[in-house]
Amino acid sequence: ELINNPITADNQLDVSDLPKIQFDKVEHDFGLLMQGEKVTYTFTFKNTGKQDLIIKDATASCGCTVPKFTTKPIAPGEKGEIEVIFDSSNRIGRQVKSITVWTNCQPNQTKIQILSEIVEPK
């Protein structure tokens with residue numbers, strides 16, 4: 001495990017040399033979906049920091065949402081992806097699902113979201 005404490009001795013936060021995750025967008029709206037559809041969206045991000053970025057985990061707010069991510073370190077200036085698969089089975093109405101991405105950045109959590117409106121098939 002990588003441990004990096006950016007707090008200095010005088011309790012100041014020094015993040016200048018840490019990795020930094022910057023998403024192209026943090027929210028995606030699938031729009032109108034028929035109940036039972038499975039859809040996928042890939043969030044892209046860039047490491048705009050000065051050290052390798054490591055994604056430790058990505059957890060969804062619901063079992064209907066599955067995030068997939070690369071476990072290899074992402075070098076400064078490089079891009080990465082988090083694929084999110086959403087299964088609308090047994091869902092109806094407006095849906096907002098959050099994915100928490102755990103990294104070696106500071107802060108160590110970033111949230112991304114997917115949205116949709118699910119209707120019953122006729």
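The values are calculated or read from the model by the stated rules, or taken from the named source; none is laboratory data. Note that the structure is a prediction, hence the values are computed from the model and not measured. Cβ atoms come from the backbone with ideal geometry, glycine included; neighbour counts cover every protein chain shown. With ligands, DNA and RNA removed, areas are computed over all heavy atoms of the protein, side chains included. Shrake-Rupley method; radii C 1.70, N 1.55, O 1.52, S 1.80 Å.
Give just the number: which of (1) within 20 Å of Lys25 (Cβ to Cβ); (2) modelled with pLDDT of 95 or more does Ile54 not satisfy?
Condition (1) is where Ile54 drops out.
State all residues of the stretch 29-43 that are charged (D, E, K, R) and surrounded by 15 or more Cβ atoms within 10 Å (Cβ to Cβ); if no residue qualifies, say none.
Result: Glu37, single match.
Can you tell me which residue within the stretch 54-68, out of those that are hydrophobic (A, V, I, L, M, F, W, C) and not in a loop (DSSP other than H, G, I, E, B), is most open to solvent (accessible area, probe 1.4 Å)?
Val66
Any idea how many residues of the stretch 14-28 are at pLDDT 95 or above and surrounded by fewer than 12 Cβ atoms within 10 Å (Cβ to Cβ)?
2
Quick check: anything in the stretch 86-94 aliphatic (A, V, I, L, M) and either surrounded by 12 or more Cβ atoms within 10 Å (Cβ to Cβ) or assigned to a strand (DSSP E or B) (or both)?
no
Lys46: at pLDDT below 95 and either of a type in the set (Ser, Thr, Tyr) or open to solvent by 50 Å² or more (accessible area, probe 1.4 Å) (or both), yes or no?
No, not satisfied.
Any residue at all in the stretch 69-81 that's in contact (Cβ under 8 Å) with a residue 24 or more places away in the chain, of a type in the set (S, T, N, Q), outside any strand (DSSP E or B) and out of contact with any Asp or Glu (no Cβ under 8 Å at 6 or more places or on another chain)?
Checking the stretch 69-81: not a single residue is in contact (Cβ under 8 Å) with a residue 24 or more places away in the chain, of a type in the set (S, T, N, Q), outside any strand (DSSP E or B) and out of contact with any Asp or Glu (no Cβ under 8 Å at 6 or more places or on another chain).
With respect to Leu115, is the statement that it is touching a strand residue (DSSP E or B) at 6+ places or on another chain (Cβ under 7 Å) and open to solvent by less than 60 Å² (accessible area, probe 1.4 Å) true?
Answer is yes for this residue.
Pairs needed: first member in the stretch 107-122, more than 22 Å from Tyr41 (Cβ to Cβ); second member anywhere, among the aromatic types (Phe, Trp, Tyr) and open to solvent by 50 Å² or more (accessible area, probe 1.4 Å); C-beta distance under 8 Å; at least 6 residues apart or different chains.
Asn108/Trp102
In this structure, is Lys111 out of contact with any Ser or Thr (no Cβ under 8 Å at 6 or more places or on another chain), over 16 Å from Gly36 (Cβ atoms) and part of a strand (DSSP E or B)?
no
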